[in-house]
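Heads up, the thing below is written out as structure tokens.
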Amino acid sequence: MCVTPSTFPGVNSTMDIVKAYEQEFDRLVKLYEEHTQDNSLRNNAVASIIVSGNRVVGLNTLNGIGVRSRTREDGVVIIDVNIDDNTVMPVPVHLCTGFLEKHGEQLLKFNYFIGNNVKIKFKSHCILRNIEKLHHKMISDVYVGRNSSLIYEDEHFHDENGGVFVEAITYAKLNQNAFFQNKFSATKTRIGKINLLVDLELMEYAKADLESKIYGKQTDEITIQEILRLNGEHAGGIAKSTIFATDWTRAHVVNEAYGNAAHTMGHIECNEIVKGENVSVSTVPVLKVVNEKAELTHEASVGRIKQDQLDILMSKGLSEEAATGIIINGLIG
Amino acid sequence: MLELKNIRYVKNTKEIIKNVSLQFQESQVTALIGNNGVGKSTIAYIIMGLSDYTPTSGSVFLNGEDISGFSITDRAKKGISLLWQEPVRFEGLTVENYLSLGGRINKKKLYEALELVRLNPNVYLPRFVDKKLSGGERKRVEIASCVLLNPKFLVMDEPDSGIDIMSLDMIHDIIVYLKLQRTGIIIITHREEIVTTSDYSYLICDGRIIRQGASREIIDYYKTTCDVCDTINVPRGE
């Protein structure tokens, strides 16, 4: 186990919640609890990493999880997360990222090293409230060892100002027979502007499941690029994006799959539901096969909510607005 | 009473419904019988008020009130509902969310409704109303949804379609249950076993009522005349 909370002088406990910046920690945790009704961040039995602005303000690790963090001179917070071989974590590791000022820049670089035969889940929450202008950039380099399973759920809670610019970039390599599920969602508030990139390299028998769900409002701008590089034989993956675009939202989605080895299977899917006359959305699927035994498929739809779905719910007494809410909640909720 | 008076419906210059008048009573089961393509489902959609099914002329009355201009939602609020022949699927929506209409109906009632359609609530409430539900399961969920609405009038558009023959007694039980709740039921069907549960029947051909009366008499006529008819929408004698 390796825990070096270098931003917390004098603190070296691995099981206590570290509160080097207690006020920030409390504000952030309260915001998180308001949004989720979940008090895991105060629970010693739950591993957690809590980042406010450009520093780690809380950390709780458990056996098998090692975390090192440092803030570079240019303000980039670098966090190395190391999961030992054979670690099976029964409860999710929480990663809470927040920004409590109105303006600024938050630059985070995560390096995840997941050992062999690991089973672990991360729940990431980005709480970016009351922001006038913020650039939040998070780059994750992920290595998933043989026979390991990594589930990463990333949920964003912003506000209705639309002043946040999110760059969420993930590069991942999945070793033999590894599994990686990456779920990104920003459906509760305006997203502002987002560039989401997930680029995966899958080795033999590795499997990936990518899903992104975003609710665009007002002048939100959404760009998604999801890439499956199926490099090992029998590798397989699904990349699915769902966007509900309203008002003046602009959205562009590119899903890519490359069948570079025999018996690889990939499926990419994009559904963009629009509401309003000023929305602009587009999707581009890219499939490329360089091995005759590879099989790739894609599915895409762009348009309004299906009328028969609205009719069936309205025939139960719901208004069109309420029916729309239920349908959208199912799709991206 | 639910009443259709002199309904005509023309689509793309083709007259689909030709001056039809129908009456439906609460606590009574009425069957609309006819071959495929004669206009039965169109009548169902006109009753429900679907936007593409506004009658070219004629009116729909509920207990004397002209509801012809009412939206689907408003008709549903008045107590009219529709069991769709092919219920659509909703990705990401659980059976619980669907039946409760997003939490508007309490869970105890959902259990009761699912048990009525012989689906185990513990198994089905967490499942999704998507492609993974079979046609028969989806139909049962839809029937449960209609039961939960406790409607004054329910149009059941081929309630037996997509459901195996062994489940016909479930449909029969649901009809009896709803009738006891004083719901007026309008059943669109070809199936004799279903028609015989009804009190009164209308036989439809070519967008017209060609015969009406006691269900036994109408189904016998249908079997001997329409069921063996090799023309579409040409009533006997024309």
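The values are calculated or read from the model by the stated rules, or taken from the named source; none is laboratory data. It should be emphasised that the depicted structure is a prediction, and the values quoted were computed from it without experimental measurement. When we count neighbours, we look across all protein chains shown, and the Cβ atoms used for this are built from the backbone with ideal geometry, even at glycine.
Annotations for the structure displayed:
- Boolean, residue A:100 is surrounded by 15 or more Cβ atoms within 10 Å (Cβ to Cβ), out of contact with any strand residue (DSSP E or B) (no Cβ under 7 Å at 6 or more places or on another chain) and part of a loop (DSSP other than H, G, I, E, B): no
- Members of segment A:105-160 found to be in contact with a helix residue (DSSP H, G or I) (Cβ under 8 Å, 6 or more places away or on another chain) and assigned to a loop (DSSP other than H, G, I, E, B), listed by number: A:129
- For segment B:148-174, the candidate set comprises residues that are buried (at least 16 other Cβ atoms within 10 Å of the Cβ) and β-branched (Val, Ile, Thr); within that set, the residue that is nearest to residue B:78 (Cα to Cα) is B:155.
- The set of residues in segment B:145-197 being of a type in the set (Asp, Glu) and at positive phi consists of B:158 alone.
- Any hit, segment A:226-245, residues being within 14 Å of chain B (Cβ to nearest Cβ) and surrounded by fewer than 20 Cβ atoms within 10 Å (Cβ to Cβ): yes
- Count - residues of segment A:33-57 that are surrounded by fewer than 21 Cβ atoms within 10 Å (Cβ to Cβ) and in contact with a helix residue (DSSP H, G or I) (Cβ under 7 Å, 6 or more places away or on another chain): 3
- Conditions (1) at the interface with chain A (Cβ under 10 Å from one of its Cβ atoms); (2) over 16 Å from residue A:316 (Cα atoms); (3) touching a residue at least 60 places away in the same chain (Cβ under 8 Å): number failed by residue B:161: (1)
- Residue within segment B:114-124 that is touching a residue at least 12 places away in the same chain (Cβ under 8 Å) and within 14 Å of another protein chain (Cβ to nearest Cβ) present: no
- Matching residues, segment A:313-333, being in contact with a helix residue (DSSP H, G or I) (Cβ under 8 Å, 6 or more places away or on another chain) and not polar (S, T, N, Q): A:313, A:314, A:316, A:317, A:318, A:320, A:322, A:323, A:326, A:327, A:330
- If you go through segment A:198-214 and pick out every residue that is over 10 Å from the mean Cα position of the chain (by Cα), assigned to a strand (DSSP E or B) and surrounded by fewer than 24 Cβ atoms within 10 Å (Cβ to Cβ), you end up with 4.
- Residues satisfying the stated conditions in segment A:17-57, i.e. under 21 Å from the mean Cα position of the chain (by Cα), more than 22 Å from residue A:134 (Cα to Cα) and in contact (Cβ under 8 Å) with a residue 24 or more places away in the chain: A:36, A:40, A:41, A:46, A:47, A:48
- For residue B:148: the one exception among (1) part of a loop (DSSP other than H, G, I, E, B); (2) in contact with a helix residue (DSSP H, G or I) (Cβ under 7 Å, 6 or more places away or on another chain): (1)
- Across segment A:96-104, a minimum of one residue is classified as modelled with pLDDT under 95 and touching a Phe, Trp or Tyr at 6+ places or on another chain (Cβ under 9 Å).
- Residue within segment B:3-16 that is crowded, with 19+ Cβ neighbours inside 10 Å, hydroxyl-bearing (Ser, Thr, Tyr), farther than 16 Å from residue B:62 by Cα and out of contact with any Cys (no Cβ under 8 Å at 6 or more places or on another chain) present: yes
- For segment A:150-162, the tally of residues that are surrounded by fewer than 18 Cβ atoms within 10 Å (Cβ to Cβ) and at pLDDT 95 or above stands at 2.
- Among (1) out of contact with any Leu (no Cβ under 7 Å at 6 or more places or on another chain); (2) assigned to a strand (DSSP E or B); (3) modelled with pLDDT of 90 or more, the one test that residue A:91 misses: (2)
- Scanning segment B:23-32 for residues that are part of a strand (DSSP E or B) and touching a helix residue (DSSP H, G or I) at 6+ places or on another chain (Cβ under 8 Å) yields B:29, B:31, B:32.
- Note on segment A:249-322: enclosed strands (runs of 3 or more DSSP E) holding 3 or more residues that are within 14 Å of another protein chain (Cβ to nearest Cβ) and crowded, with 19+ Cβ neighbours inside 10 Å are A:265-275.
- Counting the residues of segment A:232-289 that are closer than 22 Å to residue A:197 by Cβ, of a type in the set (Ser, Thr, Tyr) and in contact with a Gly (Cβ under 6 Å, 6 or more places away or on another chain) gives 1.
- Residues within segment A:217-235 that are in a loop (DSSP other than H, G, I, E, B) and of a type in the set (A, V, I, L, M, F, W, C), tallied: 1
- Qualifying residue in segment A:127-149 (condition: at pLDDT below 95 and closer than 26 Å to residue A:64 by Cα): no
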